[in-house]
Amino acid sequence: MQQRYLGRTGLKVSRLGLGTLTWGRDTDEHEAREQLVAFTEAGGTLLDTAAGYGDGASEELIGSLIGDVVPRDDLVIATKAGIGRNRGTRETNTSRGHLLATLDASLRRLGVDHVDLWQVHAWSDEVPLEETLTALDYAVTTGRAAYVGVSNYSGWQSAQAATWQCALPGRALLASNQVEYSLVNRSVEAEVLPAAAALGLGILPWSPLGRGVLTGKYRRGTPADSRGASTHFASFVAGYLGERSSRVVEAVARAAEGLDWSPLEVALLWVRDRPGVTAPIIGARTAAQLRGSLMVDDVALPAQIVTALDDVSGGPLRI
């Protein structure tokens, strides 16, 4: 798999990342092992998780596999802090103390002495930004993180954070912004992508397959074994099952038929090769599904197909 630099940093990552949102909850150890093997055998390096995924279960499962399934040095481990649960209620806490305590807990669960990329999982209006960013500085200066970034920041939020970090020597420069981006959600094109380009941030798109709908699996209803039918993800998928998204899905399916590819391959390639994108984060229910995503490394969409998909997807969509 080809490698790309993350933003204006020296950190190289595979141009597809493996997401682990469901690991330790819906994805058991056996399935996670198969996915990690398939990913690394294909040349993948970027492994994405978060302290809030399964209340730490994702990181724990990854920690049990590192060294056993794949050497630590073969992975670029990215995790996030700032979103979690407190007494059963989801909360966002980006205070310096909470972030650093969460990072230390992540390192223990992962069984590593540092992560390659540590990200603030979400913006918070309740904590001064400069306090949040001091946690990133401390993580880098103490060797807990090699690089730092943000996630789900809007254009002005990422610009403010990146500019603050550039203001004085010694601060940890931001490497990336992880945001949702797909053919059915192009809202980041309005401000997030221009801000990232101006300030040297790599873009790591999450849900590049439009929460699964761009694979075409929901064209005739909701399959019983799909995430759209699960208690965890039904509402998450439902937002992309409307008429506008259906038009995009049908266009992707027609393009796939003409190319003799799968809709998944068409949708993933469209995101992977967008300007400013470093590596889409792909999550799969099974290793077989993941292998389908990994077969696109040596191909690209024809320019006329890209233009047609740009037209039918109609620009930014906010939901």
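Throughout, read-outs are computed from the coordinates displayed, never taken from laboratory work. Nothing here was measured: the structure is a model prediction, and the numbers come from that model. Because the Cβ atoms are built from the backbone with ideal geometry, glycine has one as well, and the counts that use them run over all protein chains shown.
Where both partners of a DSSP beta bridge lie in the chain, what percent of those bridges are antiparallel, to the nearest 5? Intermediate values should be presented prior to the final figure.
Numbers: 8 of 36 bridges.
Given both bridge residues lie in the chain, the antiparallel proportion sits at roughly 20 percent.
Would you mind telling me which residue in THR163, THR132, THR79 has the biggest mean-square fluctuation in a Gaussian network model of the chain, where springs connect alpha carbons within a distance under 10 angstrom?
For the chain, modelled as a Gaussian network with Cα springs under 10 Å, the answer is THR163.
What FRET efficiency comes out for the pair ALA238/LEU168, r = Cβ-Cβ distance, R0 = 51 Å, nearest 0.05?
On the way: r = 45 Å, r/R0 = 0.89.
For R0 = 51 Å, the calculated efficiency reads 0.65.
Of the residues VAL70, VAL271, VAL184, which exhibits the maximal mean-square fluctuation in a Gaussian network model of the chain defined by a 10 Å Cα contact cut-off?
Ranking VAL70, VAL271, VAL184 by mean-square fluctuation puts VAL70 first.
How tilted is helix 96-110 with respect to the longest principal axis of the chain? Cα atoms for both, answer in degrees (0 to 90, nearest 10).
Taking Cα atoms only, the helix is inclined about 70 degrees.
Under a plain spin-label model, where a point goes 7 Å from the Cα along Cα-to-Cβ, how far apart in nm are ASP55 and SER246?
Calculated label separation equals 3.9 nm.
Under a point spin-label approximation (7 Å from Cα along Cα-to-Cβ), what is the ASP273-ALA105 distance to one decimal in nm?
4.3
Inverting the mean 1/r over all pairs of different Cα atoms, compute the Kirkwood radius of the chain and quote it in Å.
Here the Kirkwood hydrodynamic radius works out to 19.8 Å.
Test of understanding: in a Gaussian network model of the chain with alpha carbons linked when under 10 Å, which of GLY216, GLY283, GLY52 would top the mean-square fluctuation ranking?
GLY216
Can you give the angle from 0 to 90° between the axis of helix 243-259 and the longest principal axis of the chain, with both taken from C-alpha atoms, to the nearest 10?
Taking the Cα atoms of the chain, the angle to 243-259 is about 70 degrees.
Using 0.36 nm times the number of residues separating TYR5 and GLU130, minus their current alpha carbon distance, what extension gain do you get? All intermediate terms of the calculation are to be shown ahead of the outcome.
Numbers: separation 125, 0.36 × 125 = 45.00 nm, distance 2.67 nm.
Contour length minus the Cα-Cα distance gives 42.3 nm.
Would you report the distance distribution of C-alpha pairs in region 15-117 as whole percents per 5 angstrom bin, up to the bin with the largest distance?
Result, from short to long distances: 2, 13, 25, 25, 18, 9, 5, 1, 0 percent.
Quick one: angle between helix 263-272 and the longest Cα principal axis of the chain, in degrees between 0 and 90, rounded to 10, please.
That works out to roughly 40 degrees.
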